[in-house]
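J.: Below is one structure. I have some questions about it.
Taken together, the values in this text are just the output of simple stated rules run on the coordinates, not laboratory data. As the structure is a prediction and not an experimental result, all values here were calculated from the model. Reconstructed Cβ throughout: ideal geometry from the backbone, glycine too, with neighbour counts over all protein chains shown.
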Amino acid sequence: GNSVTQMEGPVTLSEEAFLTINCTYTATGYPSLFWYVQYPGEGLQLLLKATKADDKGSNKGFEATYRKETTSFHLEKGSVQVSDSAVYFCALSGRGAQKLVFGQGTRLTINP
Amino acid sequence: EAGVVQSPRYKIIEKKQPVAFWCNPISGHNTLYWYRQNLGQGPELLIRYENEEAVDDSQLPKDRFSAERLKGVDSTLKIQPAELGDSAVYLCASSLAAVTDTQYFGPGTRLTVL
């Protein structure tokens, strides 16, 4: 079945550092890929998405590129801020599957 | 525009007691989802509705869990009786239609079973 694997956390960085959170997936066909973020005390919010190979999703300085050849969708940001501290979830939806399959989440803490 | 509303935000009950969670999706969203999120894990789908119809309930433990979505708007998820292992955050989400549309999540209900 479909599955998502994220790099284990927690991840702690200093402000203005470069961020990468790895995400790889297993799926049949051509899934859509998502990154969701959960800020402390809040619900899950869609951060970015990509629906086909080589697409790049971007939002709030974050980027992720759909790499079919490596079955990956790594999240990157060039310069993180304290306000980026949150839990980040990679997810996929298989064609016709009509549901999201999530990774286990990566907790990110940014220190000033 | 109002987001997905859930209540209560927190619930503490004794095992074997019943509990219910309520969700009001974004206006006009036909698809509604209930997920369960265990501590340190990603959400897992319990049930998906298209309007009033439950079209995917394969992951719903039907011996103790039930859900309904009357009139295709609000939804209620019930557990009876609750077990210790049901302690989790229960999330409701909605989308306009197919899952490739963005799913909008509510804040969740944190259930603690003692």
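J.: Would you mind ranking A:3, B:94, B:87 so that the residue whose beta carbon has the fewest other beta carbons within 10 Å leads the list?
T.: Fewest to most other Cβ atoms nearby, the residues stand as A:3, B:87, B:94.
J.: I need the per residue convex hull volume for region A:60-105, using only the alpha carbons, in cubic angstrom as a whole number.
T.: 101 Å³
J.: Another question about this same structure. Between residue B:56 and residues 5 or more places away or on another chain, which pairs have amide H atoms under 5 Å apart, with H built 1.01 Å from N, and which residues are they?
T.: B:48
J.: Taking loop as defined by DSSP and a crowding limit of 14 other beta carbons within 10 Å, which chymotrypsin sites (Phe, Trp or Tyr not before Pro) in region A:1-67 fit?
T.: In loop regions of region A:1-67 (DSSP not H, G, I, E or B), the sparsely surrounded chymotrypsin sites (Phe, Trp or Tyr not before Pro) are A:18.
J.: Okay, next question. Taking θ = phi - 60°, what integer Hz values does the Karplus form 6.51 cos²θ - 1.76 cosθ + 1.60 yield along region A:29-43, in sequence order, with x for Gly and Pro?
T.: x, 10, x, 8, 10, 9, 10, 10, 10, 10, 7, x, x, 10, x
J.: Now, a different point. Cα centroid distance between region A:44-74 and region B:59-85, in Å?
T.: Each part's Cα centre sits 33 Å from the other's.
J.: Sticking with the crude label model, points 7 Å out along Cα→Cβ, report the distance from residue B:50 to residue A:111 in nm, one decimal please.
T.: 5.1 nm
J.: I'd like the per residue volume of the convex hull spanned by the Cα atoms of the protein assembly as shown, given in cubic angstrom.
T.: That works out to 122 Å³ per residue.
J.: Neighbour counts of other C-beta atoms within 10 Å: give me B:27, A:32 arranged from fewest to most.
T.: The order, fewest Cβ neighbours first, is B:27, A:32.
J.: Could you tell me the number of lysine pairs in region A:1-94 with C-alpha atoms less than 18 Å from each other, where the two lysines are 8 or more residues apart or belong to different chains?
T.: Going through region A:1-94 pair by pair, I get 7.
J.: Okay, next question. Taking the inverse of the average 1/r across all pairs of different Cα atoms in region B:12-59, what Kirkwood radius in Å do you get?
T.: Computed over Cα pairs of region B:12-59, the Kirkwood hydrodynamic radius comes out at 12.7 Å.
J.: Taking every Cα atom in region B:52-110, find the radius of gyration and the maximum pairwise distance Dmax, and write them in Å.
T.: Here Rg and the maximum Cα pair distance are 12.7, 35 Å.
J.: Rounded to the nearest 20 Debye, what is the dipole magnitude of chain B about its Cα centre when Lys and Arg each give +1 and Asp and Glu each give -1 at the C-beta?
T.: Charge dipole of chain B: 460 debye, to the nearest 20.
J.: How large is Rg/Rh for chain B, to two decimals, with Cα atoms and a Kirkwood Rh?
T.: Ratio value, two decimals: 0.95.
J.: Please report the equivalent ellipsoid semi-axes of chain A, computed as sqrt(5 x eigenvalue) of the Cα gyration tensor, largest first, in whole Å.
T.: 24, 14, 12
J.: Now, a different point. For region A:14-112, run through the GluC sites (Glu not before Pro) and keep only the ones in DSSP coil with at most 13 other Cβ atoms within 10 Å of their Cβ.
T.: On the way: sites: A:15, A:16, A:42, A:63, A:69, A:76; in loops: A:15, A:16, A:42, A:69.
Hits after loop and neighbour filter: A:15, A:16, A:42, A:69.
J.: On to the next question. Skipping prolines and chain starts, which residues have an amide H placed within reach, meaning under 5 Å, of the one on residue B:15, given they are 5 or more residues away or on another chain?
T.: Amide H to amide H, under 5 Å and 5 or more residues apart or across chains, residue B:15 pairs with B:114.
J.: Ranked by Cβ crowding within 10 angstrom, fewest neighbours first, how are B:34, B:22 ordered? Walk me through the numbers on the way to the answer.
T.: Working: B:34 26, B:22 14.
So the ranking, lowest neighbour count to highest, is B:22, B:34.
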